[in-house]
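Single-structure report; data block below.
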Amino acid sequence: MLQSIKQNTEWDVLVIGGGASGLGVAVDAASRGYKTVLFEGVDFAKGTSSRSTKLVHGGVRYLAQGNIKLVIEALRERGLLARNASHLFKSLDFVIPNYSLWDGAFYGIGLKVYDLLSGRLSIGKSSLIGSKKTLSRIPTLRPDELKSGVIYRDGQFDDSRLAINLAQTAVDHGATVINHMKVIDVIKDQHGRLSGVKVRDQESAQELEINSKVVVNATGVFANKILKLNGRKKKALKVVPSQGIHLVVDSSFLPGKDALMIPKTSDGRVLFAIPWHNKVVLGTTDTPIKKPIYEPIAFDKEIDFILQTAGKYLTKKPLRSDVQSVFAGLRPLVAPEGDKSNTKEISRGHQVLISESGLLSILGGKWTTYRKMAEEVVDTAIKEAGLEPKPCKTRNLAIHGNSKEIHQNGLAIYGSDAKGILELESNRPELKELIHPDYGYRLSQVVWAVQYEMARTVEDVLARRIRLLFLDAAAAIESVEKVAGCMAKEMQKDKTWINRQCETFKTMAEKYVVN
């Protein structure tokens, strides 16, 4: 990747940001045949894109708000992702418990509309069930006064794994994508038109100037920073960050395969309890944030709110001591004119902003609609930069790893790449060693992450290539020396690098522990 950016003098499409939006744009542009480069300042999906609720969904809440257009678009995209990344997509049954007869009718009818809107890409129909059947599906649900339940089907995925696979897909189609490469300035020609960017390699501190016919700002909650670099006035900034947190607890709080959805909490949001990687994810909140940071911290009031709300519906009430990891993410909301304080009411829709200099910014959006957003950005880039028109191919484009073959040994999320990891273990049996005694992750996955998934730090591996930090923060901290040692061997790093990596990771990972 480094050689590629040094050899090429000009690109067709340059993308800033390696989250869902940026990677989607890189895949779309590269698959159409444009010379594409992407720069990510830290690691792919480091920000919002690794901290979602892990759902590929139309959004029942958006249906209740009357945002039919967004729901239809998201449901169609859900169907496409199920087909194009089948190794990461999983159909999940959600149960809505109804404690009044009116709720049963209301949600039953509403979810029939949800079914209809998904059209030919439906993944299952909703149904109304009695209280006994509801309790058989969610045995830890509070039984008193339960009248009925509504079951509907939606999609689930692993967000940062999809991000890595999108980076690989872009590369498979000829793109250059590189992490730990920060954009520090923009370059303009004598007419004030954007002609490229200046980047700094975060590992070597080397700075390079990269020219491109079009530059796309896909930095999510950090979009305002790039807009400011480009010369936009402060008062015109449009992205409003909203924080959502998730708590991860043991699977005993929600035994079985079904997810629980509470459609209306005291703060007006929905609450999910979702099985994920043999744990349960509880979330989420909606807290306006003034300034985005890479490692947002969950507020005590947010943690208490989720625990208290879950405790109202579950017979086994989760306590702070039960939380194995807490992660916070920032939603990049596009604020309407006027009041920006009520982030719950701001749409998860997106906008493509065209600056006077020619900078294209993709603002807002959500994981489910990343492909459609990317298509719109590249279509806009063709018009703005006068690129040779070429049709979008991503609707039917298989994402790297796409495979219906189910691999055991905890390697299902690798799809077709699982064979490569097993081959690695066959050639080097010592790599079968577990990273941590309580989890199935193996050293072969660390080596694979370094060799084929551009992992450069211990955090890249433990947070995003495998998900141990998000599942059990204490176990991730206990695994750090073993992972750092394994990576150092592969990357020819010394003891100083190992010590620095261990110290940096432990400091960061402490924020995922609830005391």
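Read-outs: derived from the displayed coordinates by stated rules, not from any lab. Bear in mind the structure is a predicted one, so any value in this text is a computation, not a measurement. Methodologically, a virtual Cβ is constructed for each residue, glycine included, from the backbone with ideal geometry; neighbour enumeration extends over all protein chains shown.
The table below lists the values:
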item	result
Residues SER195, SER355, sorted so that the one with the fewest Cβ neighbours within 10 Å comes first	SER355, SER195
Förster-model FRET efficiency, 22 Å R0, ASP267 and ARG142, C-beta, rounded to 0.05	0.65
Mean Cα-pair separation over length for the chain, i.e. relative contact order, pairs under 8 Å, 6 or more apart, %	19 percent
From phi via Karplus (6.51, -1.76, 1.60), per-residue ³J(HN,Hα) for the stretch 245-259 in Hz, x at Gly/Pro	10, 9, 10, 10, 10, 5, 5, 5, 6, 8, x, x, 9, 8, 9
Summed side-chain charge close to LYS432 - residues other than LYS432 whose Cβ falls under 10 Å, Lys, Arg +1, Asp, Glu -1	-1
Inter-site label distance for ILE297 and GLU423 at 7 Å from Cα along Cβ, in nm	4.6 nm
Straight-distance crosslink candidates among aspartates and glutamates, where the alpha carbon sits under 14 Å from LYS404 and sequence neighbours closer than 8 are dropped	ASP417
Proximal lysines to LYS495, defined as alpha-carbon separation beneath 23 angstrom and excluding residues fewer than eight positions away on the same chain	LYS482, LYS506
Environment charge of ASP250, counting only residues whose C-beta is closer than 15 Å and scoring Lys/Arg +1, Asp/Glu -1	+1
Rel. contact order, % - alpha carbon contacts under 8 angstrom, at least six apart, the stretch 1-113	17 percent
Spin-label pair SER416/THR9, simplified geometry with 7 Å Cα→Cβ offset, distance in nm	3.6 nm
Longest site-free stretch - the chain; sites: GluC sites (Glu not before Pro), DSSP loop, at most 10 other Cβ within 10 Å	146-336
For the stretch 480-509 versus the stretch 137-180, the gap between their alpha-carbon centres in whole angstrom	30 Å
